[in-house]
Amino acid sequence: MSIEIKDVTKNYGTTCALDKVSVTFENNTIYGLLGRNGAGKTTLLNVITNRIFSDAGEVLIDGIPARENDEALRKVYMMSEKNYYPENIKIKDIFRWTGEFYPDFDFEYACSLADAFELHLNKNVKSLSTGYNSIFKAIIALSVNTPYVLLDEPVLGLDANHRDMFYRFLIERYSETQSTFVISTHLIEEISNLIEQIIIIKKGKIIKNESREELMTYGYTVSGKASLVDEYISDKYVIGVDSIGGLKSAYVMGQLPKEKTLEGLEITKIDLQKLFIKLTDN
Amino acid sequence: MRIKTTLKYQINDYMKTLIIYYLSIIGITIFFGIIPVFFKGAGYLTLGGFEFLTSVMLFVLGLFSFKEMFLMMLQNGISRKTMFIGRLITMSAVSIVASIIDRLIINVGKIISKANDKIVIAGIYDMMFEQRNQKSLLYNLKAIFITIFLYMAVILFGYFIAAIFYRMNRAAKLAVAVGVPAFLLVVLPILDYTVFNGKVFLLINNFLNFVFAGDNPYNLLITCLLFIAAVVCLSWVVIRKAVDKK
């Protein structure tokens, strides 16, 4: 039970969006698909869901080729940043039709989420703000109950409260179902505690595909008095520094030291966002 | 294939337009139909062209139903093959329904025409092809049968144009939108006059006479069937490679 992507290549003119990408999304896992703008994240998700065609390679969903295959495609739901639903249709009608296309769609649950997010079901799609446009699609994604749910920028335009609600509902849903969630987002810090497996894509190539725990061993954070931190990092490979008053935090690449406290310094896990910036920096 | 759900959605989408259209047509027919009853003048009122109006409506329906439906189907994991087959079945169903309703309206109109000689209500098919035996069941069935294919040709053509325009980039859309009318309305008449000595328009005129003005409605039927076959093939060529452009 997995989505298998085998040597997928996609070019837009002279731009290579995906370069022989091979990756597997296993069952019942939350993935973070991370990459800079134009790295190929959306292209990869669009190829999986048959919205665009790859130039080479293939996608298998539970062993079935996904290209132009209704049986394979019914196992995947993709929430996109852009809207694919008709603009003059009411939200409740979209829920109803989603239930027709995806028989496991939980209409009652979707209505309860709409209530929690204060989304009016009688509103038309075109009358929704950017935030609520994301919310209605996120509600569908959380209620659709397909084995694989792909979320492309799911919290675009959402305020902090709604983002927090979305993450809580996502965890709740994940614990109740056996679905795999793939989250593509730029808000790395916010999802860092949510994701189990991290896939980093850079210029159309997968450069990392590891568990969050494994990735976190790439470096560590040293915090403490600025003078002590400066002394400690003098011979280290530092990828970033934050200073507040006389305190400093340095993000160091390399193995985490065995002793957690070094002469008044605190050693903690590396900041995922800082690591991402380092890994994807040109 | 998830054809059943696809069909259900597509038919639901078309039905709304059909209901609004026919309510308008019936309303207009009743409104203009009763005018001569209250205002008795020397002249008489002719109402007709139902098939033409329906053809225009179906063409527009085909034209405006591609992009929105295509994206909705992609969102719901429907393959292009299923959405295309669903579209063909939906278009056929809509053409059958429209053809039957039009014939019913025309026949009710004929009854009104008979009751009041100041009103003439007739269909284009009746006026073009057969003036006699219009009451017979066989005549009406034949008219419905031939009109179904005319409507299918028209709605498919609208769908095909919309699909082509969807695939084109902005520059190509502009070139076609300006180039085709310019060629047909300006370049072709000039070429025909200067180079072909009017033979092109004579050929077009003969073709139209063959299709519409002859006594034989089967010329229209055969033309529609050939046109449908060609447009179905060309549409599939266009749609099978259509992708999300968002």
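Please treat every number below as a calculation from the coordinates, not as lab data. Predicted model only: the values in this text are computed from it and were never measured. We place every Cβ from the backbone using ideal geometry, glycine too, and count neighbours over all the protein chains shown.
Calculate the length of the line joining the C-alpha centroid of region B:80-114 to that of region A:36-104, in whole Å. About 33 Å separates the Cα centre of region B:80-114 from the one of region A:36-104. Of all trypsin sites (Lys or Arg not before Pro) in region B:94-190, which ones are in loop regions per DSSP and have a Cβ with at most 10 other Cβ atoms within 10 Å? Sparse-neighbourhood loop trypsin sites (Lys or Arg not before Pro): B:ARG132, B:LYS135.
Residue separation of A:ASP62 and A:SER223 scaled by 0.36 nm, minus their Cα-Cα distance, works out to 53.4 nm of gained length. Over region A:215-279, the pair-distance histogram of Cα-Cα distances with 10 Å bins from zero comes to 23, 60, 17, 0 percent, rounded to whole numbers. Neighbour counts of C-beta atoms inside 10 Å place B:LYS199, A:LYS274 in the sequence B:LYS199, A:LYS274, starting with the fewest. Which pairs, out of A:LYS41/A:LYS269; A:LYS90/B:LYS16; A:LYS92/B:LYS16; A:LYS75/B:LYS81; A:LYS202/B:LYS245; A:LYS123/B:LYS241, put more than 24 Å between their alpha-carbon atoms? Where the Cα-Cα span goes over 24 Å, the pairs concerned are A:LYS41/A:LYS269; A:LYS123/B:LYS241.
Can you work out ³J(HN,Hα) from phi for every residue in region A:127-132, in order, using Karplus 6.51 cos²θ - 1.76 cosθ + 1.60 and θ = phi - 60°, giving whole Hz and x for Gly and Pro? Whole-Hz 3J(HN,Hα) from phi for region A:127-132: 8, 7, 6, 4, x, 6. Along each principal axis, taking the top coordinate minus the bottom one, the Cα set of region A:75-181 gives 34, 32, 23 Å in descending order.
Here, chain B is characterised by an Rg to Rh ratio of 1.02, where Rg is the alpha-carbon radius of gyration and Rh the Kirkwood radius.
Think of chain B as a dipole: +1 on every Lys or Arg Cβ, -1 on every Asp or Glu Cβ, centred on the Cα centre; then among B:LEU138, B:LEU188, B:VAL178, B:VAL178 lies furthest on the positive end. Would you work out which of A:GLY246, A:LEU215, A:ILE270 lies farthest towards the positive end of the dipole of region A:215-279, given +1 charges on the beta-carbon of Lys and Arg and -1 on that of Asp and Glu, about the Cα centre? Sorting the options by dipole projection puts first A:LEU215. Under the simplified labelling scheme, the A:SER175-A:SER243 pair shows an inter-label distance of 4.3 nm, with each label point 7 Å from Cα along Cα→Cβ.
Projected label points at B:ALA230 and A:PHE53, each 7 Å from Cα along the beta carbon direction, are separated by 2.5 nanometres. Overall, the protein assembly as shown carries a charge dipole of about 1980 debye about its Cα centre when +1 sits on the Cβ of Lys and Arg and -1 on the Cβ of Asp and Glu, all other atoms neutral.
Cross-link partners of B:LYS110 among lysines, defined as those whose alpha carbon lies under 26 angstrom from its own and excluding same-chain residues fewer than eight positions apart: B:LYS40, B:LYS118, B:LYS135, B:LYS142.
Restricting region B:1-106 to chymotrypsin sites (Phe, Trp or Tyr not before Pro) that sit in a DSSP loop and have at most 11 other Cβ atoms within 10 Å of their own Cβ leaves B:PHE39.
Compactness ratio for region A:2-203: Cα radius of gyration over 2.2 N^0.38 Å (N = residue count) comes to 0.99. Given a Förster distance of 41 Å, report the FRET efficiency between B:LEU23 and B:THR194 from their Cβ-Cβ distance, rounded to the nearest 0.05. According to the calculation, E is roughly 0.25. Across the alpha-carbon atoms of the protein assembly as shown, the computed radius of gyration and Dmax are 31.4, 112 angstrom. Spin-label model, A:ARG96/A:THR24: points 7 Å from Cα along the beta carbon direction are separated by 4.3 nm.
Only Lys, Arg, Asp and Glu carry charge here, each on its Cβ (+1 for the first two, -1 for the last two); on that basis chain B has a dipole of about 880 debye about its Cα centre.
Per-residue extension of 0.36 nm, minus the Cα-Cα distance of B:PHE210 and B:ARG240, leaves a gain of 7.3 nm for this segment. Cα centroids of region B:51-70 and region B:172-236: 20 Å apart.
Along the axis of the charge dipole computed for chain A (Cβ charges of +1 for Lys and Arg, -1 for Asp and Glu, origin at the Cα centre), the listed residues A:SER22, A:PHE117, A:GLY99 are led at the positive end by A:SER22.
Ordering A:LEU275, B:LEU191 by the number of other Cβ atoms within 10 Å of each residue's own Cβ, fewest first, gives B:LEU191, A:LEU275.
Available extension along the chain between B:PHE201 and B:ILE30 is 57.6 nm, counting 0.36 nm per residue and deducting the alpha carbon span. Rounded to the nearest Hz, the phi-derived 3J(HN,Hα) couplings of region B:49-57 under the Karplus curve 6.51 cos²θ - 1.76 cosθ + 1.60 (θ = phi - 60°) are x, 4, 5, 5, 4, 5, 4, 5, 4, where x marks glycine and proline.
Overall, chain A carries a charge dipole of about 640 debye about its Cα centre when +1 sits on the Cβ of Lys and Arg and -1 on the Cβ of Asp and Glu, all other atoms neutral.
Per-residue mean of foreign Cβ neighbours for B:75-87 is 5 (Cβ atoms of other chains, 10 Å radius).
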